[in-house]
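For reference, the structure is listed below as C-alpha cells.
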C-alpha cells in the first residue's frame, strides 16, 4: 500500500550531502531490489535514487522500480498522471522528452512558479550528471530549467514534512556580499545560516551567484509571566546540556574566533550560536567575554621582571569537585606555547642587557718575539794587497838521479 508524499520528502532530506564513489558508484542501486546490476550500480543513478526512496518508504506500487528516466516518464504518461503543474512529492522529469534526469519536488512556491527539489546524481545547479544528492530551488522553473513535466504518484495522502530547518528557501549571493551581511538582511543569525549550509567550511569562502540555504526565522520568545511571589522550587535543576555554554573565555590580543572554537573543541557555528551578539566573525576585541563549552584556557603567568628573581604568583583557583578531571590537550599545548614564549622573552632580555654593557677588550693575539739580528759590520777600509809567499830553502839533501843503461837486444837473423 502506498505511503504519503511527506514520507518521500523526509527521507530525501536525510540524504542531502551524499557523494558518489569511484566510477559513478552509488549505494542506491546496490541496495534496491531489482536494480542490483553493474550498469545501475556504476551508471547514472538519479532514477535509482527515486526508486530507493520508494522502496524505503513503501511507495513501490505508485513509483516504478527502474534506473531509466524514460521508463518513469512513460509510466505516468500512460496513467494520465503527467502534467506541467508541480506538487509536493511529484517527480520533475528533465529533457525534451523527460528521459534525461529526475528530481523530487519538496516545495512549491509563488503559485507553482518556483519549486524546491532534492535530486541525486546532480550538482547544486540544474545538472543531469553530478556527484551527489543536492537540495536546491528553481526560480521560474518553466523558463530557467529543461523540465519536461511532472509525474504525480498516487500517494495515500500528503503527510507532514518534518524539515528541521522549518521551510527554508534559497538565496543567491550577489557581488560584494558576505555571510554576516546576508544573515542580517534575512533576519537570521550567522550561526543558523552556517548550520543550514554545512558545505561552507569558512564564512569567508563564498562567491557571487552561489546559492545557499536560508533557515526559517526563529520563533519569538514568549513574554515572561508577571512578577509575583512564587514558592521556590524544590526540584533539583537538570544537568546542563553538553551543547550549552559551560564557561566563559576572555578574548586576548591576536585571538580569532576559529582559533578559540578549535581550542575549546567547538565548531565555529556553535561558538557563534552561543554568542549572538557577534555579527561579523572577523571582528572581535581584546577583553571581550565569550560563552564557550568546556573549560576556558587559563590566563598566562606574569613574565619575570628585569630586577625580580621570581614571578609574582597568584593563588590557584580551587578545583570544582563536581566536574571530573579530564585531560585537556589544548590546555597542555597552550601551556607549552606560553613557556616557550617566556624562555624566548627571557633570552631577549638577556641579549638586551649584554648589548648595554661595553664589550671587554679582547687580548691581542700573541706574536713571537723578534730574534736579534747580527750586528751589521762597519764600513770596511781599503783591502790590502796580497803578497805571494816566497819558498825558502830547506835542509833536506838533494840526491842526484842515477841513470841505469838498458841493454840492447838484437833480433835473430
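The values are calculated or read from the model by the stated rules, or taken from the named source; none is laboratory data. Remember, it's a predicted structure, so these values are computed and weren't measured experimentally. Note that we place each Cβ from the backbone using ideal geometry, even for glycine, and neighbour counts take in every protein chain shown.
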Considering residues that are more than 15 Å from residue 130 (Cβ to Cβ), in a helix (DSSP H, G or I) and at pLDDT 90 or above, the number found within the range 11-40 is 8
Which residues, counting only those in the range 58-76, are surrounded by fewer than 21 Cβ atoms within 10 Å (Cβ to Cβ) and touching a strand residue (DSSP E or B) at 6+ places or on another chain (Cβ under 8 Å)? 75
Regarding residue 6, is this residue modelled with pLDDT under 95, crowded, with 19+ Cβ neighbours inside 10 Å and either touching a helix residue (DSSP H, G or I) at 6+ places or on another chain (Cβ under 6 Å) or part of a loop (DSSP other than H, G, I, E, B) (or both)? no
Can you say whether residue 265 is in contact (Cβ under 8 Å) with a residue 40 or more places away in the chain, surrounded by fewer than 20 Cβ atoms within 10 Å (Cβ to Cβ) and assigned to a loop (DSSP other than H, G, I, E, B), as far as the supplied structure shows? yes
Considering only the range 95-115, state which residues are crowded, with 23+ Cβ neighbours inside 10 Å and farther than 17 Å from residue 63 by Cβ. 115
So, residue 230, is that one out of contact with any helix residue (DSSP H, G or I) (no Cβ under 8 Å at 6 or more places or on another chain), farther than 28 Å from residue 334 by Cα, surrounded by fewer than 17 Cβ atoms within 10 Å (Cβ to Cβ) and modelled with pLDDT of 80 or more or not? no
Looking at the range 333-354, I want the residues that are outside the structural domain of residue 264 (by TED's automatic domain parsing) and have a partner that is part of a helix (DSSP H, G or I) with Cβ atoms under 9 Å, at least 6 apart or on another chain. Which pairs are those? 333/263; 334/263
On the given criteria, is residue 101 farther than 23 Å from residue 209 by Cα and within 37 Å of the chain's Cα centre (by Cα)? yes
Within the range 242-254, considering residues that are modelled with pLDDT of 80 or more and touching a helix residue (DSSP H, G or I) at 6+ places or on another chain (Cβ under 9 Å), the one nearest to residue 285 (Cα to Cα): 251
Let me confirm something: among 134, 125, which residue is in the same structural domain as residue 13 (by TED's automatic domain parsing), under 33 Å from the mean Cα position of the chain (by Cα) and crowded, with 20+ Cβ neighbours inside 10 Å? 134
